[in-house]
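The values are calculated or read from the model by the stated rules, or taken from the named source; none is laboratory data. Nothing here was measured: the structure is a model prediction, and the numbers come from that model. Glycine also receives a Cβ, built like all others from the backbone with ideal geometry; neighbour counts cover every protein chain displayed. Side chains included, ligands, DNA and RNA excluded: accessible areas come from the protein's heavy atoms. Shrake-Rupley method; radii C 1.70, N 1.55, O 1.52, S 1.80 Å.
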Amino acid sequence: MTMKYVDEFRDPGLITAVAQEIRRTVDPARHYRIMEVCGGHTHAIYRHGLHDVLPENVELVHGPGCPVCVLPTGRVDDGLAIAAQPNVALACFGDMMRVPGTKGTPLELKARGGDIRMVYSPLDALKMAQDDPRTHVCFFAIGFETTAPSTALTLLRARELGVRNFSVFSNHVTIVPAMRAILDSPDMRLDGFVGPGHVSTIIGCRPFEFVAQHYGKPVVVAGFEPLDLLEGILMVLRQLRNGEAKVENQYRRIVPWEGNHAALRALATVFELRPYFEWRGLGFISQSALKLKGAFAPWDSEVQFEVPGVRVTDPRAAQCGEILKGVLKPPQCKLFGKECNPEHPVGALMVSSEGACAAYYRYASTELNARFEEEARA
């Protein structure tokens, strides 16, 4: 059946039918652990209450697909250090405004008189630089391959126009090395993956084939509506029932198997892989982040400014790393909902629109959170 409208992907009858098919597919004697890699999936699961329609032996594990969440505290401090330079404005997405560094958040720096500006795209930051030639505008770039092409195209535009009071502080990361690090982690047992829909619109499905070929785990790239996610979970479970391990594309209406060639060309023109990059919770992962190529040095904030580059550990009581790796659920963190809440976040997972802690705090039931807390104590 072909569906065209959002409400069709939220049809209660169809959702019930797919949930029943999931129950018929699972082995009641087996416990399944399926990781949804993307933070957008986590929010959709709890916003629509999908956790409640799944069998109890199907456990969803939250992955590291929130770009704000995986950014280590030291990189936040580096961005704020750039913003502290004379005649510099730091432009960042709304998600970043309340992410804490060791000396506060960008929003708090703004309250102290810093020139911090919220933007909806890197082109907004470039326009600010064009409109105010006396101010250097630094764009705090974050995101996986989903948002990196827009940064690349903005840099190509800046070079074309000769705008020299604009630069990019690149914190773009790539999803495949993070998934590999999770699969190699000795304390992580997973049966399969619901692959990231947004990232896959750029890179396609083929890059995930290593998961099936080398680790024997199914991957199903899925969309973000309730039926998308339930169908994606069902497709993973069917592979497990049949003893299969392959990559499938549930999100065919959006995701091309080979990716977006124009976007990939833009990335290859502007960026190259860093030798290594630190991820919150996952440590240093080789070739997992993007930096500007030498041809774009005039627009590279890390070339134009002295960046401290000091590694900063998370607060000892916070368990952001374990949550990002899927080892713990957010309510199992000792600070969740207490010292760490949306008004006073200790970690980025509580304030990002894709953060697992924010999803649980906003959408998960009190009973569900209490159950996870009890499991943690046990």
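The rule of thumb for compact globular proteins, 2.2 N^0.38 Å, goes into the C-alpha radius of gyration of the chain 1.00 times. When the Cα gyration tensor is reduced to axis lengths a ≥ b ≥ c, the ratio a/c is 1.5 or higher for the range 46-88, and with a/b above b/c it is classed as prolate. Accessible surface of Thr174, taken over heavy atoms with a 1.4 Å probe and every protein chain present, rounds to 20 Å². Amide H to amide H, with H built 1.01 Å from N, Val137 comes under 5 Å of Ala89, Phe166, Ser167, counting only residues 5 or more places away or on other chains. In this structure, the amide hydrogen of Gly204, modeled 1.01 Å from its nitrogen in the peptide plane, lies closer than 5 angstrom to those of Gly259, Asn260, counting only residues at least 5 positions away or on a different chain. Helix 366-377 and the longest principal axis of the C-alpha atoms of the chain enclose an angle of approximately 90°.
Dividing the mean sequence gap of close Cα pairs (under 8 Å, 6+ apart) by how many residues the range 194-310 holds gives a relative contact order of 24 percent. Under the Kirkwood approximation for Rh and a Cα-based Rg, what ratio Rg/Rh is obtained for the range 6-108? Looking at the range 6-108, the ratio lands at 1.20. A cysteine counts as unpartnered when no other cysteine's C-beta lies under 4.7 Å of its own; in the chain this applies to Cys38, Cys92, Cys138, Cys205, Cys320, Cys333, Cys340, Cys357.
Against the main long axis of the alpha-carbon atoms of the chain, helix 12-25 sits at an angle near 70°. Counting only residues at least eight positions apart within a chain, or on another chain, the lysines with an alpha carbon under 18 Å from that of Lys334 are Lys325. Amide H contacts of Phe336: none lie under 5 Å away among residues 5 or more positions distant or on a separate chain (H built 1.01 Å from N in the peptide plane; Pro and chain starts excluded).
I need the peptides 19-29, 206-216, 351-361 ranked by packing, meaning the mean over residues of other C-beta atoms within 10 angstrom, with the highest value on top. Could you put the intermediate results ahead of the total?
On the way: 19-29: 13.5, 206-216: 16.2, 351-361: 25.2.
Ranked by mean Cβ neighbours within 10 Å, highest first: 351-361, 206-216, 19-29.
Rounded to whole numbers, the Karplus 3J(HN,Hα) couplings from phi for the range 348-364 are 5, 5, 8, 10, 5, 5, 10, x, 5, 5, 5, 5, 5, 4, 7, 10, 5 Hz, using 6.51 cos²θ - 1.76 cosθ + 1.60 with θ = phi - 60°, and x at Gly and Pro.
From the Cα gyration tensor of the range 58-112, with a ≥ b ≥ c the square roots of its eigenvalues, which class applies: rounded if a/c is under 1.5, or else prolate if a/b is larger than b/c, or else oblate? Prolate shape, in that a/c is at least 1.5 and a/b is the bigger ratio.
Summarised as an ellipsoid, the range 127-251 has semi-axes of 39, 15, 11 Å, derived from the eigenvalues of the Cα gyration tensor scaled by 5 and square-rooted, with the largest first. Comparing Cα centroids, the range 133-187 and the range 221-286 end up 19 angstrom apart. Solvent exposure of the chain amounts to 44 Å² per residue of accessible area, where only protein heavy atoms count and the probe is 1.4 Å. Helix 73-83 axis versus longest C-alpha principal axis of the chain: approximately 30°, rounded to the nearest ten.
Here the Karplus relation 6.51 cos²θ - 1.76 cosθ + 1.60, evaluated at θ = phi - 60°, turns the backbone of the range 335-342 into coupling constants of 9, 4, x, 10, 5, 10, 8, x Hz, with x for every Gly and Pro.
Each residue of the range 49-54 was assigned a 3J(HN,Hα) from its phi angle through the Karplus curve 6.51 cos²θ - 1.76 cosθ + 1.60 (θ = phi - 60°); the sequence is x, 5, 4, 6, 9, 8 Hz, with glycine and proline shown as x.
As a fraction of the 1.4 Å probe accessible area of the chain, surface on carbon and sulfur atoms comes out at 51 percent.
Using a Gaussian network model of the chain in which every pair of alpha carbons under 10 angstrom is joined by a spring, one finds that among Glu258, Glu160, Glu231 the greatest mean-square fluctuation is at Glu160.
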